[in-house]
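These notes concern the structure reproduced below.
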Amino acid sequence: MDSFLVKICPDYCPKQLLKMLPSERLHLQTRLCAFCYADVPVHQASWQQAEVDRCDRHVFRFISECPNCGSGFRTPALWEEAGCDQCGLEFANMQIYQQLR
Ligand SMILES: [Zn+2]
Ligand SMILES: [Zn+2]
C-alpha cells in the first residue's frame, strides 16, 4: 500500500497525511484565503478547520472553488502552480472575488 502510493505520488508523506486526517473537524474541500496566499504562497492548515469559514486576519470568507471557472481546488500537496489547474487563474488574483462574497 505504502509503496504503491509512493509510486503514484512521489511527494506522498505518511506523516503529512496523518496530520490531515482527523476528518470530522476539517472542511473537506480545499479552501484558501487569497489575501494570505498573496502574502505567503503556501496552503495553511487553518483554512481547513470545519468550524471556521472566514480568515481571521482578513475577515473575508474562504473560497473553496475557482471563482472564474467553478472547479474545486486540488489537494494542496498537489498544487504545482499557484492557481486554478483548470483555467489558470492565480490564487493571489482571487482576492477581488473573495471580497465580493
Ligand atoms: Zn487571510
Ligand atoms: Zn478556474
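Throughout, read-outs are computed from the coordinates displayed, never taken from laboratory work. Small disclaimer: the values here were computed from a predicted structure and weren't measured. For neighbour counting, all protein chains shown are included, and Cβ atoms are generated from backbone atoms with ideal geometry for every residue, glycine included.
Neighbours of residue 35, meaning other residues whose beta-carbon lies under 14 angstrom from its beta-carbon, give a summed charge of +2 when Lys and Arg score +1 and Asp and Glu score -1.
Close amide H partners of residue 49, meaning residues 5 or more places away or on another chain with modelled amide H under 5 Å apart, are 27. Amide H to amide H distances under 5 Å link residue 83 with 91, where only residues 5 or more positions off or on other chains count and H is placed in the peptide plane.
How much net charge surrounds residue 69 when only other residues with a Cβ under 14 Å from its Cβ are counted (Lys, Arg +1; Asp, Glu -1)? With Lys, Arg at +1 and Asp, Glu at -1, the neighbours total -2. Amide H to amide H, with H built 1.01 Å from N, residue 30 comes under 5 Å of 73, counting only residues 5 or more places away or on other chains. Rounded, prolate or oblate for the stretch 45-101? Axes are the square roots of the Cα gyration tensor eigenvalues, ordered a ≥ b ≥ c, and the cut-off for rounded is a/c under 1.5. The shape class here is oblate.
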